[in-house]
Amino acid sequence: GTSLGAVVEGNVEVLKTFEYLSTELLERFSDRHAVVPWSGGKDSTCTLILASNVFADRLTAVFVDTGLEFEHTLRYVEEVSRRLRVDVEVAQAGLREEVMRRGLPTVEDRWCTRVKLDALSKAVRKVAEEDSVIVVGDRDSESPMRARRPPVRVDPLTGLTQVAPIKPWSTALTQLYLAWKGVPINPLYELGFYRIGCRICPALRSWERLVAGRYGIRLEV
């Protein structure tokens, strides 16, 4: 089979082109302070790398710890932030306490998302400067709603300018970019998880539950 290194090598020019275009967008705001909401997933990690190259020490990453995070993600955030030398503001969302009070969220009622977003916007306001930009890892292929958003817009939660430098990137490109930069992906992906959320996410797919069972990963509160 073809190795990951060979795939990266075969796509270096593509990776350089997308990196150049994303960097060019970010450099329009390089005189400002940047805040990067970081979940520990591949998209926000790519975004963090791009932003750290442009904003250097004028950058703060914000990680929301719901209290129900996978241990893999907590370790990953700690390791990668050290490797990239970025400051991380950890916001506590207190989701465990909310679950005890309200019961588990469901596909129909994902109230947990609002709790997490509230904690995120509060943390962003705390670390942001007056002219800060929020650099997000939104990609067009994630949803029709995200595809309709412009790459630069006003963030509805904070009123700050929001920039999405990897909007046109594919899933494969984000994974190859991390490999190219020598930054590991969250180990949950390597085990078979499709996306990175918390342990009680109602959007967990059936195979992710099977993977969790196979590797003894807790999914309860």
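The values are calculated or read from the model by the stated rules, or taken from the named source; none is laboratory data. Note that the structure is predicted; figures quoted are calculated from it, not measured. Counting neighbours? That spans all protein chains shown, and the Cβs are built from the backbone with ideal geometry, glycine included. These accessible areas exclude ligands, DNA and RNA; they are computed on the full protein's heavy atoms, side chains included. Shrake-Rupley method; radii C 1.70, N 1.55, O 1.52, S 1.80 Å.
Below is a table of values for the structure above.
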| item | result |
| --- | --- |
| The range 41-125: GluC sites (Glu not before Pro) falling in loop per DSSP and having at most 10 other Cβ within 10 Å | GLU108 |
| Where GluC sites (Glu not before Pro) fall in DSSP loop in the range 116-192, at most 14 other Cβ within 10 Å | GLU129, GLU130 |
| Net length gained if the chain between LEU117 and LEU157 were fully extended (0.36 nm per residue, minus Cα distance) | 13.5 nm |
| Derived scalar couplings ³J(HN,Hα) [the range 163-172; Karplus, 6.51 cos²θ - 1.76 cosθ + 1.60; whole Hz; x for Gly, Pro] | 10, 10, x, 10, 3, x, 6, 8, 4, 4 |
| Charge context of PRO150, other residues only, Cβ under 13 angstrom, K/R +1, D/E -1 | +2 |
| Estimated D of the chain in µm² per second, where Rh is the Kirkwood radius over Cα pairs and Stokes-Einstein applies at 25 °C, 0.890 mPa s | 135 |
| FRET efficiency, ALA172 to ARG83 (Cβ-Cβ, R0 30 Å, nearest 0.05) | 0.85 |
| 5 angstrom amide H check on LEU59, placed H, neighbours 5+ away | ALA34 |
| Three-way shape call for the range 1-97 based on the alpha-carbon gyration tensor, with the a/c threshold at 1.5 | oblate |
| The range 108-166 shape via C-alpha gyration tensor axes, a/c threshold 1.5 | oblate |
| Area accessible to solvent at PHE29, 1.4 Å probe radius, in Å² | 20 |
| Antiparallel DSSP beta bridges within the chain, percent to nearest 5 | 20 |
| In order through the range 85-99: 3J(HN,Hα) via Karplus (6.51 cos²θ - 1.76 cosθ + 1.60), integer Hz, x for Gly, Pro | 6, 10, 7, 10, 8, 9, 9, 9, 8, x, 5, 4, 5, 5, 5 |
| Sites ALA56 and THR17, calculated FRET efficiency, Cβ-Cβ separation with R0 22 Å, nearest 0.05 | 0.45 |
| Shape of the range 56-176, Cα gyration tensor, a/c cut at 1.5 | rounded |
| For CYS112, solvent-accessible area (1.4 Å; no DNA, RNA or ligand), Å² | 20 |
| Largest-first principal axis extents, alpha carbons of the range 39-95, Å | 33, 18, 18 |
| About the Cα centre, charge dipole magnitude for the chain (Lys/Arg +1, Asp/Glu -1 at Cβ), debye | 500 |
| Dipole of the chain, positive direction: furthest Cα of VAL86, THR113, SER22, with charges on the beta-carbon | THR113 |
| Residue-by-residue Karplus 3J(HN,Hα) for the range 49-60, coefficients 6.51, -1.76, 1.60, Hz, glycine and proline x | 5, 4, 5, 5, 6, 8, 9, 6, 8, 9, 9, 10 |
| Nonlocal amide H pairs with VAL135, under 5 Å, H built at 1.01 Å | VAL35, VAL36, VAL163 |
| For a label point 7 Å along the Cα-to-beta-carbon line of LYS126, residues of the range 33-63 with backbone N under 13 Å | 61-63 |
